[in-house]
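For reference, the structure is listed below as structure tokens.
The values are calculated or read from the model by the stated rules, or taken from the named source; none is laboratory data. All values reported here derive from a predicted model rather than from experimental measurement. Every residue, glycine as well, gets a Cβ built from its backbone with ideal geometry; the counts of neighbours run over all protein chains shown. These accessible areas exclude ligands, DNA and RNA; they are computed on the full protein's heavy atoms, side chains included. Shrake-Rupley method; radii C 1.70, N 1.55, O 1.52, S 1.80 Å.
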Amino acid sequence: MTDTAEANVRLGDPLNRIDAQAKVTGAARYGSDPDIARPVFAFLAVSSIARGHITRIDDRQARAVSGVLDILTHENMAAAIRPVKFISEGGYMGSSIMPLSSPRVFHAGQIVAVVLADSFEAAREGAHRLAISYADETPSAGFDSEGVEVVPGADASKEHQDPKIGDAEAAFAAAPVKVDAQYSTPTQHHNPLELFTTTCAWEADKLTLWESSQNVHAFKNGLAQQLGINPENVRVISPYIGGAFGSRGSLTQRTALIAVAAKRLGRPVKLVASRDQGFTIASYRAETRHHIRLGADKDGKLQSLTHEAFEVTSRPDPYMVSGTDASTRLYACPNVSSKVSIVHADRSTPGFMRAPPEVPYLFPLESAMDELAAALQMDPVELRRVNDTKTEPIKGLPYTSRSLMQCFDKGTKAFDWQRRDPRPGSMRDGDWLVGLGCASTMYPTQMGAATARVSLTLSGTAKVQTAAHDIGTGAYTVIAMTAAERLGLPIQKVTVELGDTELPPAPGAGGSNTTASVCNVVAKACEEIRAKVANAASSAEDSKLKGQDQKALRFSAGRLVGPDGAGEELETAMRRVTNGAIEIYAENTPHGVKPDAIEKLYQGAQTLAGGAKLQDRIQFAFGAEFVELRVHRITREIRCPRVLGVFAAGRIMNMKTATSQLMGGLIWGVSSALHEGTEMDRRYGRFYNTDLAEYLIPVNADIPAAEVILLPEEDHEINELGIKGIGELGNVGTNAAVANAVFHATGVRIRNLPIRLEQLLGTASI
């Protein structure tokens, strides 16, 4: 372990997580862990049909189970919870489908009852004994189903834009080299280690909610609206999160049900939903289809790019991710056209899942670029070099920084790309066909308005308080490192408190914004503390630093020092300002964020700006990913022995946790190509691999070597600390690199994920 007991902390050091011990010893408390007296246990009953309505609920046998206290259904809950707007319409809800508000069923797995009992076992038994009768209708399961409604994105949302410039149709017709192909990505589910849990307790008119959340202030305000109470009477506590990936980014309908149950019974209520219920009571990655057309000249220079996409959503909600913001801006092209449409089907509402737009939308683009390289007989890396740009093509805006080709140059050497024989099927190792594939990755650099409170005591201890979240990314550690560096303290002297609505608000943990948003506001608070102490020291008659420029004075190793190294002890310097502690509350409103962002933040509203949304510049992080695959020439078994990612993502705050994040992203990217897919019985509109036995995810043996290289990059235009964000960069484009490697190994182009060996069976052996 890195020894920082006496040393100054420097941003970028490879430090272990400061919360690691709490997590591995069980001291960290999650949504179902609070110690509460006389808890009631809840168990959900969910719909077995995908469309129709409930005709009868017979709960006599359920109520006869010893220990059952109450059963919530639409018959006794219809008006108990108020409707709140869907998140993309300015509200807080991940779905507008309100279970128990009526007998109507919108999707399979919809909550139709909540059984409450003195024990978990009694609640579960009671739920299983409920007899529910339905009038079912034939569901429209998704793409190609009769009865779905296709709506252009521009009609579904006033905020939606389809990037476009020039005449892509005419340019495509005139281009000497063309790619015209269809691609698809499947439904996928998060499956975080921590199940979806909720614990609610009332004390008079005040409600406390323990629930793993990526945005506690949004949960607070949304839940208050649902219950018709003052938000000040709601406290949400979520200090630790057992995985999220977007699934805990918006309020689900289950939370209010448990809050009402606790009120009705006058006792705290705990819900721990089952693994299979998590597939339909929370969000997931929507199924998508894409039509890509690329036209290029004989040198590979893009002349035309068209990207048309379709996304499946629920019957009532206009959810879409619209990833053409990224796919139309990755390469230079004078003629671009795009269109996104949503397909309303009888599904639960999808939602955020790590890199929500970019993972499904860069798969077709980066696959098509590989197809174009093959048509041109050009190296795929060189094709990307030919189309590299420092100015995005739609608005003509400059990138604040763009190190894409530097990443490819570093990666080709580290991966030994030069050994790649470009002929498909030409590389072999015994009975194994060897394929090498590559792809670009990009993710928008975003920041939100943020607040924090930092206190520094005479004894040299500091506390940072902000209602940000650590969803497993190491936020506790990088926030502590920021304060430790700015205050000149060992990291052990810094305490960080997160995930509680009693703390100053911060943006929700999504869009890879947390490190940039929170560390910058924490640094700002620390600078205000330094300024107070330095100003007093430079003015005091008894100070060794009298007359020195206070802006040049810095904290270092528990002292206030000048540029020449002379200084005085921290306690001595601080006593000129306080006899106890200096506490600073700071706010930061980054470039591009509206002036009322802090006010909105206290209301739980997301305030992110950046990426392609700014009016004067464009902000993205970039990288290059390389995959080696082996396909057995007879059985078509697919193995992935190696994956490499090279990333340029601004200032790296902690080399160890950053590498871990990006490595996990690469593994997930391979998983999204070869393993993950939620299967549906389209006759009944029901998912059927709703467990970790049949929902496939990789284990260590599936990817023996995953390597991450971080390319140094300075970009202080984006924010003072130069942070870009990395959480979602690592798993973008990897699925395309895998598909491209499959083609290189076999000569078979697979455009529909996930890639399974049956798609290769029956194809000609090379």
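Taking all protein chains in place and a 1.4 Å probe, what share, in percent, of the accessible surface of segment 448-608 do carbon and sulfur account for?
46
With the simple model of a label 7 Å out from the Cα in the direction of the Cβ, residue 25 to residue 167 spans 7.1 nm.
For 60, 554, 17, what's the largest-to-smallest order of accessible area, 1.4 Å probe? Before the final figure, lay out the partial values.
On the way: 60 165, 554 105, 17 65 Å².
Result, largest first: 60, 554, 17.
Rounded, prolate or oblate: which fits segment 1-72 when a ≥ b ≥ c are the square roots of the eigenvalues of the alpha-carbon gyration tensor, with rounded for a/c under 1.5 and prolate only if a/b beats b/c? Taking the square roots of the gyration eigenvalues as a ≥ b ≥ c, segment 1-72 is prolate.
Based on DSSP, what percent of beta bridges with both residues in segment 448-608 are antiparallel, to the nearest 5? Let's see the in-between values first.
Numbers: 18 of 23 bridges.
Taking every DSSP beta bridge within segment 448-608, about 80 percent pair in antiparallel fashion.
For the chain, a crude dipole built from +1 on the beta carbon of Lys and Arg and -1 on the beta carbon of Asp and Glu, taken about the Cα centre, is about 300 debye to the nearest 20.
Seen through its C-alpha gyration tensor, with square-root eigenvalues sorted a ≥ b ≥ c, segment 448-608 comes out prolate because a/c lies at 1.5 or above while a/b is bigger than b/c.
Backbone phi angles across segment 24-35, fed through the Karplus curve with coefficients 6.51, -1.76 and 1.60 (θ = phi - 60°), yield HN-Hα couplings of 7, 9, x, 6, 5, 10, 10, x, 9, 9, x, 7 Hz in residue order; Gly and Pro are listed as x. In the complete set of protein chains, residue-level accessible area for residue 481 is approximately 0 Å², probe 1.4 angstrom. From the alpha carbon centroid of segment 731-762 to that of segment 204-240 is 45 Å. How far is the Cα center of segment 33-69 from the Cα center of segment 444-500, in Å? If we compute the Cα centre of each part, the gap is 42 Å.
When only Cα pairs below 8 angstrom with a gap of at least 6 residues are kept, segment 618-689 shows a relative contact order of 21 percent.
In terms of the mean number of neighbouring beta-carbon atoms within 10 Å, the peptides 175-184, 95-104 order highest first as 95-104, 175-184.
For segment 503-576, GluC sites (Glu not before Pro) are listed when DSSP marks them as loop and at most 14 other Cβ atoms sit within 10 Å of their Cβ; the list is 541. Take the Cα of residue 634, step 7 Å toward its Cβ, do the same at residue 549, and the gap between the two points is 7.6 nm.
Extension gain for residue 500 to residue 35 (0.36 nm times residue separation, less C-alpha to C-alpha distance): 165.7 nm. Separation of segment 705-725 and segment 352-374 by C-alpha centroid, Å? Each part's Cα centre sits 22 Å from the other's. The calculated 222 nm mean residue ellipticity attributable to helices in the chain amounts to -7000 deg cm²/dmol, summing -39500 (n - 2.57) over DSSP H runs of n ≥ 4 and dividing by all residues.
Sorting 36-46, 348-358, 159-169 by their mean Cβ neighbour count within 10 Å, with the most densely packed peptide first, gives 348-358, 36-46, 159-169. Accessible area ranking (1.4 Å probe, heavy atoms, ligands and nucleic acids excluded), largest first, for 378, 405: 378, 405.
In the chain, what % of DSSP beta bridges are antiparallel (nearest 5)? Let's see the in-between values first.
Working: 100 of 132 bridges.
Of the beta bridges lying entirely in the chain, close to 75 percent run antiparallel.
The mean sequence distance of close C-alpha pairs (under 8 Å, at least 6 residues apart), as a share of the length of the chain, puts its relative contact order at 16 percent. Look at the dipole of segment 448-608 built from charges on Cβ: of 545, 481, 503, the Cα furthest out on the positive end belongs to 545.
Full extension of the chain between residue 391 and residue 76 gives 107.5 nm of extra length, using 0.36 nm per residue less the Cα-Cα distance.
Longer than 30 Å from Cα to Cα, which of 263/524; 23/724; 339/594; 339/656; 546/724; 85/463 are they? Say none if no pair is. Show your work: numbers first, answer last.
Values: 263/524 42 Å; 23/724 27 Å; 339/594 28 Å; 339/656 40 Å; 546/724 39 Å; 85/463 36 Å.
From the list (263/524; 23/724; 339/594; 339/656; 546/724; 85/463), the Cα-Cα distance tops 30 Å for 263/524; 339/656; 546/724; 85/463.
Counting heavy atoms of the protein chains alone, residue 724 has an accessible area of about 0 Å² for a 1.4 Å probe.
Computed from the C-beta positions of residue 691 and residue 757, the FRET efficiency with R₀ = 30 Å rounds to 0.85.
Placing unit charges on the Cβ atoms of the charged side chains and taking the dipole of the chain about its Cα centre, the candidate lying farthest along the positive direction among 90, 11, 221 is 221.
Using alpha-carbon pairs under 8 Å, 6+ residues apart, how would you state the relative contact order of segment 448-608 in percent?
Details: 330 pairs, mean separation 52.2, N = 161.
Relative contact order of segment 448-608: 32 percent.
Neighbours of residue 146 by Cβ distance under 13 Å: Lys/Arg scored +1, Asp/Glu scored -1, total -1.
Membrane-span-like helices in the chain: DSSP H runs reaching 24 Å or more (Cα, own axis), mean Kyte hydropathy at least -1.0? Kindly include the intermediate steps, with their values, before the conclusion.
Working: long enough: 358-376 (26 Å, 0.63); 514-539 (37 Å, 0.34); 655-674 (28 Å, 0.71).
Membrane-span-like by this criterion, though nothing is claimed about a membrane: 358-376, 514-539, 655-674.
Note on residue 716 and residue 263: their simple-model spin labels are 5.3 nm apart, each label 7 Å out from Cα toward Cβ.
For segment 570-627, a simple Cβ point-charge model (Lys and Arg +1, Asp and Glu -1, everything else neutral) yields a dipole of about 100 debye relative to the Cα centre.
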